[in-house]
1. Each residue of the range A:213-225 in order: what ³J(HN,Hα) in whole Hz does its phi give by Karplus 6.51 cos²θ - 1.76 cosθ + 1.60, θ = phi - 60°, with x for Gly and Pro?
2. Shielding by partners for A:110-123, please: the mean number of other protein chain Cβ atoms within 10 Å of each residue's Cβ.
3. At a Förster distance of 60 Å, what's the computed FRET efficiency of B:ARG242 paired with B:GLN450, Cβ-Cβ distance as r, to 0.05?
4. For B:ALA301, list long-range residues whose amide hydrogen, built 1.01 Å from N in the peptide plane, is under 5 Å from its own amide hydrogen.
5. Pick out, in residue order, every one of the trypsin sites (Lys or Arg not before Pro) in the range B:411-455 that is DSSP loop and has at most 15 other C-beta atoms within 10 Å; say none if there are none.
6. May I ask for the angle, rounded to the nearest 10°, between helix A:153-165 and the longest principal axis of chain A, with both axes built from Cα atoms and the value confined to 0 to 90°?
7. Taking the Cα-to-Cβ direction at A:GLU215 and at B:GLU91 and moving 7 Å from each Cα, how far apart do the two end points lie in nm?
8. Spelling out what I want: for every residue of the range A:67-78, take phi, set θ = phi - 60°, compute 6.51 cos²θ - 1.76 cosθ + 1.60 (Karplus), and round to whole Hz; glycine and proline get x.
Amino acid sequence: MDGSSQSSLAIRTENVCRHYQMGQALVRAVDGISIDIRAGEFVALLGASGSGKSSLLNLVAGLDRPTSGAVIVQGNNLAALSREELAKYRLHAVGMVFQSFNLIPSMTLLENVELPMRFAEVDRHEREELARQSLARVGLGERLAHRPMELSGGEQQRASLARALINRPKLLLADEPTGNLDSRTGSEIMELIHSFNQSLGMTVLMVTHEQALAEKYAGRMAHLADGKLIDDLPNASASARPGGAL
Amino acid sequence: MKLYDVTDLAVRNLRESAFRNSLTTIGIAVGVASLVAMLSLGIGLQQLASRRLQKSGLFDTVVATSRRDLRNFREQREDGPPPANSPALDEGARQKIEHLPGVVEAYPDIRFVTEVRFEDKPHLTMVAGVPFSAKNNNDAFDGMQGSFFSSEAVPEVILQRSFAEELLGITPKPGADSTNIAELAKPLLGKELTMRYAERTELPSSVEAAGGAAYSVVSRQQVLKIVGVTDLDPESMRGAARARVFLPLKLAQSLHVMQPSDTRDPSFSGAPTYPSISVRVKDPNQVPAVEDEIKKMGFGAFSIVDATRSMRQFFAVLDVFLGIFGSLALAVASIGIVNTLVMAILERRREIGIMKALGASDSDVRGLFFAEAGAMGLIGGAVGVALGWTIGRIINFGTNIYLERQHFPPAQIWSVPAWLVLGAIGFSIVVSLLSGLYPAARAARLDPVQALRYE
């Protein structure tokens, strides 16, 4: 890899493994995966349940540590970071959306979106303004004072997206973002994610088991099975989309 | 996270489980209340004893004695001149002592054993002169029956309860309730008694005594009107030398009662000398300095500072014991805090996972649980102090009702000083934070991946 490609590299995993013991059995959730993702790419991780997609995503998110190998994100080897440094990495470098939205039920949407900025010690008035703007951008400008339970699944996922982007990360990690949504709402969410990828130049790594969604939005599709990378191919159909990747 | 945000999130979390957190906080409040009530009573009793001792002259009195009269003291003291060369403890010396810095008054200690006749029956007792200032400085005279002496040298007398009982022929039975002081005083107040005493008079200068003093001793008697009967013993700290009949000091001085020291003083010149002088000092802290000054003048001096130190030590130990018993309830409450916070971790496991995924550090999560524990400690502490204060007041109120029924003067046996309020709240917060240590550490160490999987 030459110098220019090094600089545009957002994520690199080098023979990364995540093994854990479950009773007598050794589970190889991620088993020697090496993959490079360039800045601004939209990559879908596909595979059946238990194939290791989410485990790999957790390693890239800094939520988990590899048993061996290296996960290098924006030049930082996550395995070498301390717990505090990993927390800072998650706070500033990564935005995450989950299948089950993971909004805090006791907080309003505005408070949920503000939460990462509390950890970043952003001034109270500034963070409120930023949270309002972020919610307005995902079409929830009128639902600031609502609690998650008062919203539809699609709205909750949009709020979750607003929260993921509030600290302006370079990397968006999405774990089955449409898994709990109907197809129409799922498409709306995917359009939003795609638009962030296109307009903000964010690198997107998305876990999904829906081949059709991946084909429609991702620029590259990596298939996993039994913790191993089976294939990693550019998505020809996505490049045909207006503003599509690659 | 900023302190404001930690506090805000902690308060929000406490509100979310308001019922359970309220119960835990009430547990802390009861613990703090028990601590405050115990200590407030300990402190109140200490202050009561201190007031009593202070008014008895223990704290602020130095007794100056003539080194020529060593009957009460050790054989030969090394500090100061030998007895033969030491100055006489006379009126001149009294005035000098009275002018020492920090001295309020210095008065001769006049006391003698003599016969007092009441309704033609003789009674032998110790009689003492009391300065007029004792009216306000000795609480035994505050709550007495009758009144204090009407003037400084009037032939009036105040009796101590035991002597009043003796005059009336009442013998208190051990274990039985003592006679009501008001009933005891009623038949005595206004009556007269006759005191017989030995007056020392100077002989004409023509009479010479070979190598000694020349004076005569004349038997006299003085009629005295009973004006008061004290319930408390004004001289409770004097032990065997305590008097049971009190005269105005100026009257006692004017009687020139023969003192034991008169026969022993080798340089008796006719001017009265005193066996001892009581020196009242402005501030108990000045007692050692005044004592030193008096010793420098060539007199013996002693105070009962050591006795008060022992008393303070006793109350310090009492306070420690009361504090320990009071803290037991707080210790139990601290287990409640641990339980509540551990339950909160289980309930909020997923929430902690979300916060960690969003970038919360271990210290953010730890700080949040600490803040919750601290907030419960603060609220519990404040409520507990108020509760303890109320309990103390109720006990004080009940005690005073009992004292009133027993015809005792009211007493303040309860005190909540500012340091106790702040100390109890601070202690409550510290105990709560210590209780939060384990749950906070456990929450901080939660694995975010596991926590996010938790339903």
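1. 4, 4, 5, 6, 10, 7, x, 8, 10, 10, 9, 10, 8
2. Working: counts 0, 3, 2, 0, 1, 7, 5, 3, 12, 10, 3, 3, 2, 1.
Counting other chains' Cβ atoms within 10 Å and averaging over A:110-123 gives 4.
3. That gives a FRET efficiency of 0.15.
4. Those lying under 5 Å, H to H, from B:ALA301 are B:THR65.
5. Here the trypsin sites (Lys or Arg not before Pro) that fit, given the DSSP loop and packing criteria, are B:ARG445.
6. The angle comes out near 80 degrees.
7. Simple spin-label model gives 12.9 nm for this pair.
8. Couplings: 6, 8, x, 10, 10, 10, 10, 6, x, 9, 7, 5 Hz.
Bear in mind these aren't lab numbers, they're just calculated from the coordinates by the rules spelled out. Model, not experiment: these values are computed from the prediction. In this analysis, Cβ positions are derived from the backbone assuming ideal geometry, glycine residues included, and neighbour counts consider all displayed protein chains.
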